[in-house]
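Down below is the structure, laid out as structure tokens.
The values are calculated or read from the model by the stated rules, or taken from the named source; none is laboratory data. No experiment lies behind these values; they were computed from the predicted model shown. No Cβ is skipped: glycine too gets one built from the backbone with ideal geometry, and neighbour counts run over all protein chains shown.
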Amino acid sequence: MDTAKMLELISEQRHDFLNHLQVISGLLQLNKGERAREYIRGVGRDIKRLSKIGHLKVPDAAAAFLIGHNLAASHEIEVDYDIQADLKGCTVPGDKLGAVLEKLLGFAVDCLAPPKIAGRNIFIKIGAVDGGYICLLRFNAALNGNRDGASEVFRLAKEQLSPYGARLEGGFSGENCDVMLFLPAGGA
């Protein structure tokens, strides 16, 4: 886990929190109570969405997702989560898994960073399957020229994961890039 990136993340979250308080305060001072309530509900939804990441049992994976989320937000890229499993028992060492996830999320953000890209969204799903977990990353990678770079990113990730029985499958379908990780669980 990169301490500097985590400190940057904490600093960004502190800034965002203070900004949210200022917006709410301003709306209340302008007697726009309903707008303030809507804003609070929106912030609450965002916090709830991110809280599932914090409950992952692999701290380095949680940190990678939070760092990736922060990086995506800095490029105005939306991240949607469907977290159905906590990765408890995953046999891939946390530092290895975190490094791979951070690299894959960085690649996804690189693909989506140019403002001309439509559908600036990363979808992340984590679920339990027989013998372990799946982690899916889906994002729009159309016409960005990063398809060639994907081969190298995928090769390096496979290389780092394979000693632990994990697998990575990645490819392009139309405009989407899908990266599917199979992460074995203990006893698998």
Reported set for the range 37-82 where residues are more than 24 Å from L112 (Cβ to Cβ) and in contact (Cβ under 8 Å) with a residue 24 or more places away in the chain is H55, K57, V58, P59
Screening G119, G127, G98, G106 for residues that are in a helix (DSSP H, G or I) and out of contact with any Asp or Glu (no Cβ under 6 Å at 6 or more places or on another chain) leaves only G106
Residue hits (the range 157-188; in a strand (DSSP E or B), more than 18 Å from G89 (Cα to Cα) and of a type in the set (D, E, K, R)) are E169, D178
The lone condition V100 fails out of (1) more than 23 Å from F182 (Cα to Cα); (2) modelled with pLDDT of 90 or more; (3) not basic (K, R) is (1)
In the range 81-106, residues that are out of contact with any helix residue (DSSP H, G or I) (no Cβ under 8 Å at 6 or more places or on another chain) and at negative phi total 5
Matching residues in the range 45-60 (farther than 13 Å from Q84 by Cα and part of a loop (DSSP other than H, G, I, E, B)) number 1
Restricted to the range 67-95 and to residues being under 10 Å from the mean Cα position of the chain (by Cα) and crowded, with 19+ Cβ neighbours inside 10 Å, the residue farthest from R120 (Cα to Cα) is I67
Counted residues in the range 1-36 being in contact with a Leu (Cβ under 9 Å, 6 or more places away or on another chain), farther than 30 Å from C135 by Cβ and surrounded by 13 or more Cβ atoms within 10 Å (Cβ to Cβ) come to 2
